[in-house]
Amino acid sequence: MRREDSAPRPDWDATVRGQGLVYVDTELPDGGIMSYWDETACYRLDLAEVLRLEEATEELHEMSVAAAEHVVARDRFADFGIPPWAAEAVRRSLRERPPSLYGRFDLWYDGSWPPKLLEYNADTPTALVEAAIIQWYWLEDTRPDLDQWNSLHELLVRTWGRIGAGLHDRRLHVAWSNEEETGEDLMTAGYLAETARQAGLKTELLPMLEIGWEGRRFVDAADEPITTCFKLYPWEWMLAEPYGRPALEPGTPTTWIEPAWKLLLSNKALLAVLWELYPDHPYLLPAFLDSPRGMSEYVAKPLLGREGGSVRIVTAGGEISNPGSYGEEGWCYQEFRALPDFAGNRMVLGSWVVDGESAGAGIRESPGLITDGYARFLPHYVDAPRGP
């Protein structure tokens, strides 16, 4: 893998906005504007390393599911900050395995082997539209004969088809928080609704705030029952709200995607459990729940929260933290591994999983060691002829 300079398309800004990247502008602290989408450079990968990264991604997913099974079998919900009243619902969800759609691993990878797991965004991962659609059209325009590590769209449609085949009502509600102001959540929800529609489901978009409760079931704004709902809204928020309990009741006739057991994969405590179960595994970094365990350099991550949440990095040179408040739910202490430096840019590799299968990559860069809201997304290509 290497980073290469690349000439931006003359109409790139209007193009990506027209393709759905309406959140391309990021406001900086000084009031300036930077572009989240950056095609002044791109990343080149070769086919052999993509195949190895796909295998690593699927192995990490299998290990993560095994870790969730371990947590349930050992009744370790408290380590994850899951309230006792929700534990049985999580246990039941893992046992029954209702439909699950997708997730994204964030990996440390500099082109050498092996990659290292930084975290698993398994409940509400974003950066999907740019990974699945925007960078694919960039490839079509700039390198039409070459390939890309990107089967996201096809796998999402295929998975929705499998999910739909098991539904007695093929209507799918897709919900998001309209309190998110950039438009990213709306466009992500809209894109997922479109992939479900292409799979033959009847889809309806609605904000989470418009979901109602009539005493025995959830309904939409037209008082129609919500039988299956994809929610771009994290379970830890739902559990803290009044209708979190009804959402987990066994008699409530709503199937939620992602299912409740994804609470275990989207929690940073997963990193510590993985290290317990697979000590010294080449894809893992040491991680602990009780303390740094003598690590001289580490990252303290709150157990709960969506990607980009507050972290503290402790190194020999001092402490670095990103702005924001820290939760009271506990911490995971993971060994510090500085993000790879490519021409002064710190890169993180997002490796997508759809229905347990490796599905593609999205690459983000930051000027510092923390990938935060000021990161940029760069496209990539695979230096191999495009397949049939």
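The values are calculated or read from the model by the stated rules, or taken from the named source; none is laboratory data. Quick caveat: nothing in here was measured; it's all calculated off a predicted structure. Because the Cβ atoms are built from the backbone with ideal geometry, glycine has one as well, and the counts that use them run over all protein chains shown.
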Practice task
Consider Thr182 carefully, then state whether it is among the polar types (S, T, N, Q), outside any loop (DSSP other than H, G, I, E, B) and more than 15 Å from Pro125 (Cα to Cα).
Solution key: no
Practice task
Return the pairs, sorted by first residue and then second, in which the second residue is aromatic (Phe, Trp, Tyr) and surrounded by fewer than 18 Cβ atoms within 10 Å (Cβ to Cβ), the first residue lies in segment 246-267 and is closer than 19 Å to Trp176 by Cα, the beta carbons are less than 8 Å apart, and the residues are 6+ apart or on different chains.
Solution key: Pro246/Trp213
Handout entry: Boolean, Ala222 is within 22 Å of the chain's Cα centre (by Cα), over 24 Å from Tyr36 (Cα atoms) and exposed (fewer than 15 other Cβ atoms within 10 Å of the Cβ)
Key = no
Handout entry: From the options Thr203, Thr195, residue that is assigned to a strand (DSSP E or B), in contact (Cβ under 8 Å) with a residue 24 or more places away in the chain and of a type in the set (S, T, N, Q)
Key = Thr203
Fill in the blank from the handout: Of those in segment 362-385 that are touching a strand residue (DSSP E or B) at 6+ places or on another chain (Cβ under 6 Å), small (Gly, Ala, Ser) and closer than 20 Å to Asp38 by Cβ, the residue modelled with the highest pLDDT is Gly362
Exercise for the section: With the checklist (1) modelled with pLDDT of 95 or more; (2) over 22 Å from the mean Cα position of the chain (by Cα); (3) closer than 27 Å to Ala86 by Cα in hand, flag the one item Ala189 doesn't pass. Expected result: (2)
Completion exercise
Per the filter on segment 352-369, residues under 19 Å from Leu117 (Cβ atoms) and surrounded by fewer than 20 Cβ atoms within 10 Å (Cβ to Cβ) are Gly356, Glu357, Ser366, Leu369
Practice task
Scan segment 204-217 and give yes if some residue there is farther than 19 Å from Leu152 by Cβ, in contact with a Ser or Thr (Cβ under 7 Å, 6 or more places away or on another chain), of a type in the set (Phe, Trp, Tyr) and modelled with pLDDT of 95 or more, otherwise no.
Solution key: no
Exercise for the section: Scan segment 225-248 residue by residue and report those that are surrounded by fewer than 15 Cβ atoms within 10 Å (Cβ to Cβ) and over 18 Å from His173 (Cβ atoms). Expected result: Ala240, Pro242
Problem - Counted residues, segment 190-219 - those being under 18 Å from Thr126 (Cα atoms) and either of a type outside the set (S, T, N, Q) or surrounded by fewer than 16 Cβ atoms within 10 Å (Cβ to Cβ) (or both) - result: 10
Exercise for the section: Only residues that are surrounded by 15 or more Cβ atoms within 10 Å (Cβ to Cβ), aliphatic (A, V, I, L, M) and in contact with a Phe, Trp or Tyr (Cβ under 9 Å, 6 or more places away or on another chain): list them for segment 14-61, please. Expected result: Val16, Leu21, Val24, Ala41, Leu45, Val50, Leu53, Ala56, Leu60
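Outside any strand (DSSP E or B), surrounded by 18 or more Cβ atoms within 10 Å (Cβ to Cβ), in contact (Cβ under 8 Å) with a residue 12 or more places away in the chain and more than 20 Å from the chain's Cα centre (by Cα), is that true of Trp138?
Details: outside any strand (DSSP E or B): yes; surrounded by 18 or more Cβ atoms within 10 Å (Cβ to Cβ): yes; in contact (Cβ under 8 Å) with a residue 12 or more places away in the chain: yes; more than 20 Å from the chain's Cα centre (by Cα): yes.
Judged against the criteria, Trp138 is a match.
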Problem - Where Ser112 falls short, out of the listed (1) among the small types (Gly, Ala, Ser); (2) more than 20 Å from Leu263 (Cα to Cα); (3) in contact with a His (Cβ under 9 Å, 6 or more places away or on another chain) - result: (3)
Practice task
Pull up segment 271-284, narrow it to residues that are hydrophobic (A, V, I, L, M, F, W, C) and in contact with a strand residue (DSSP E or B) (Cβ under 6 Å, 6 or more places away or on another chain), then point me to the one that is surrounded by the fewest Cβ atoms within 10 Å (Cβ to Cβ).
Solution key: Leu284
Problem - Thr159 within 30 Å of Arg44 (Cα to Cα), of a type in the set (Val, Ile, Thr), out of contact with any His (no Cβ under 6 Å at 6 or more places or on another chain) and crowded, with 22+ Cβ neighbours inside 10 Å - result: yes
Exercise for the section: Those residues that are surrounded by 14 or more Cβ atoms within 10 Å (Cβ to Cβ) and assigned to a helix (DSSP H, G or I), I need them from segment 88-113; list them, please. Expected result: Ala89, Val90, Arg91, Arg92, Ser93, Leu94
Exercise for the section: Identify the residue in segment 298-322 that is among the small types (Gly, Ala, Ser) and at pLDDT below 70 and, among all such residues, is surrounded by the fewest Cβ atoms within 10 Å (Cβ to Cβ). Expected result: Gly308
